[in-house]
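Working notes, structure below.
The values are calculated or read from the model by the stated rules, or taken from the named source; none is laboratory data. Predicted, not measured: the structure shown is a model, and the values here were computed from it. As a convention, Cβ positions derive from the backbone with ideal geometry for all residues, glycine included, and neighbour counts pool all protein chains shown. Surface accessibility is based on the protein's heavy atoms, side chains included, excluding ligands, DNA and RNA. Shrake-Rupley method; radii C 1.70, N 1.55, O 1.52, S 1.80 Å.
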Amino acid sequence: MSTGPLALHRHGPQTGLPLVLLHGFPLDSRMWDEVVARLDDVPVVTVDAPGFGGSPAPDDVAAAVSRSPEPSLETSADAVALTLRGAGIERAVVAGLSMGGYVVLALAERHRGLLAAVGLLDTKAEPDPEEARENRLRVAEAAERTGAEAVAGMADTVLGETTLGERPEVVTRMREWLGQAPAVGIAWAQRAMAARPGRLTALEDLEVPGLVLRGAEDATSTQDAAQTMARALGGGAELVVVPRAGHMTAIEDPDAVAGALRRLHATVA
Ligand code: MLT
């Protein structure tokens with residue numbers, strides 16, 4: 001339920017400093033289900049990105065925050081901030097996984113006052129190299145032609161080798177979600193991520209506690225990128241490496257992710 005431009009879902013207690021969770025690409029708030037189930041004493045809020053889950057199409061979201069329809073994570077960040085304010089949330093611990101982390105970085109740049117603490121999971125502050133950017137634009141075009149087919153192969157790259165080899169139920173769930181990914185959300189998000197700048201400076205200016213977390217088997221968000229963000233964070237950060245997990249730690253090891261988020265929340269709650 002939401003009074004802002006994005007779909008917002010509340011879980012657990014309705015009072016206290018909220019822990020806001022922003023999902024990765026090309027999923028929606030369901031990605032956090034197993035983590036949320038382990039945090040039933042924490043006021044958790046999940047928000048769907050433009051074009052995903054229960055959120056409206058990206059062009060409508062952009063109009064609601066008075067921005068051009070040009071895909072950008074700045075629009076996503078403004079929409080998250082407005083949605084939270086619409087729900088009466090002026091300050092929160094905000095954590096994002098991968099694409100959700102890019103939105104946290106944009107919030108750090110544009111809505112710093114909202115952030116009581118930040119969690120950066122399986123993400124990076126650097127912009128894409130040219131080749132990766134071009135690939136994103138190809139995926140965006142493919143999504144417009146073939147829909148979710150454009151991301152069908154992602155399970156094999158985003159899940160870690162341990163999950164792929166030993167946890168068929170996680171692989172099946174991930175494939176189901178990928179099959180449901182909406183074309184308009186895929187295309188807009190890929191173009192928005194392709195356009196994102198580096199945002200390390202935003203972290204340096206942010207004097208709040210942080211969590212930087214990555215799966216040890218994640219091939220896309222490297223240990224170097226995680227260490228760089230942890231060092232940059234002005235308020236200090238806990239750096240957590242989750243063994244036997246890839247890029248989708250919240251799905252692959254919800255115990256570890258819930259534990260780290262609980263510690264982050266407790267530092268300020
Ligand atoms: C995600 O999980 O959100 C994606 O891997 C983000 C990206 O493509 O950089």
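What's the extension gain from Asp41 to Glu169 if we count 0.36 nm per residue and subtract their Cα-Cα distance? Intermediate results must be reported in sequence, preceding the final value.
On the way: separation 128, 0.36 × 128 = 46.08 nm, distance 2.69 nm.
Difference between extended and current length: 43.4 nm.
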Item to check | Surface accessible to a 1.4 Å probe, Ile251 within the full protein complex, Å² | outcome: 10
Checklist outcome for this item: Taking 0.36 nm per residue of separation between Leu137 and Glu207 and subtracting their Cα-Cα distance, the length gained on full extension comes to 21.7 nm
Checklist entry - Out of Ala183, Ala232, Ala132, any idea which swings most in a Gaussian network model of the chain, alpha carbons joined below 10 Å? => result Ala132
Checklist entry - For the range 113-269, what is the accessible area per residue in Å², given a 1.4 Å probe and the full set of protein chains? => result 42
Next on the checklist: If each DSSP helix of 4+ residues adds -39,500 (n - 2.57) and the sum is divided by the residues in the chain, what number results at 222 nm, nearest 500 deg cm²/dmol?
Outcome noted: -13000 deg cm²/dmol
Item to check | Evaluated at q = 0.07, 0.09, 0.15, 0.17 Å⁻¹: base-10 log I(q)/I(0), Debye formula over Cα of the chain | outcome: -0.20, -0.34, -1.07, -1.44
Checklist entry - What order do you get for 153-162, 216-225 when each peptide is scored by the mean count of other beta carbon atoms within 10 Å, highest first? => result 153-162, 216-225
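When the chain is fully extended, how far beyond the present Cα-Cα distance does Asp156 get from Arg10, taking 0.36 nm per residue of separation? Could you put the intermediate results ahead of the total?
Details: separation 146, 0.36 × 146 = 52.56 nm, distance 3.13 nm.
Length gained, Asp156 through Arg10: 49.4 nm.
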Next on the checklist: Using the basic label-point model (7 angstrom from Cα toward the beta carbon), what is the Ala219 to Leu200 distance in nanometres?
Outcome noted: 2.5
Checklist entry - Simple spin-label model, 7 Å along Cα-to-Cβ: Thr267 to Arg231 in nm? => result 1.8
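Which whole-number percent is the relative contact order of the chain (Cα, under 8 Å, 6+ apart)?
21
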Next on the checklist: Could you identify which residue out of Val80, Val47, Val208 has the top mean-square fluctuation in a GNM of the chain using Cα springs shorter than 10 Å?
Outcome noted: Val208
Next on the checklist: Let me check I've understood the local charge: for His11, count other residues with C-beta under 14 angstrom from its C-beta, Lys and Arg +1, Asp and Glu -1. What total comes out?
Outcome noted: -1
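Give me the tail of P(r) for the range 162-219 as a percent: Cα-Cα pairs with distance above 14 Å.
Details: 1255 of 1653 pairs.
So the portion of pairs separated by more than 14 Å is 76 percent.
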Checklist entry - Could you list, bin by bin from short to long, the percent of Cα-Cα pairs of the range 1-152 in 5 Å steps? => result 2, 10, 18, 23, 22, 14, 7, 4, 1, 0
Next on the checklist: Output needed: percent of Cα pairs per 10 Å distance bin for the range 127-172, bins running from 0 to the one holding the longest distance.
Outcome noted: 25, 36, 32, 7
Checklist outcome for this item: The alpha-carbon center of the range 205-263 and that of the range 1-56 are separated, in whole Å, by 19
Item to check | Candidates Glu176, Glu141, Glu204, ranked by Gaussian network fluctuation over the chain, Cα under 10 Å, top entry | outcome: Glu176
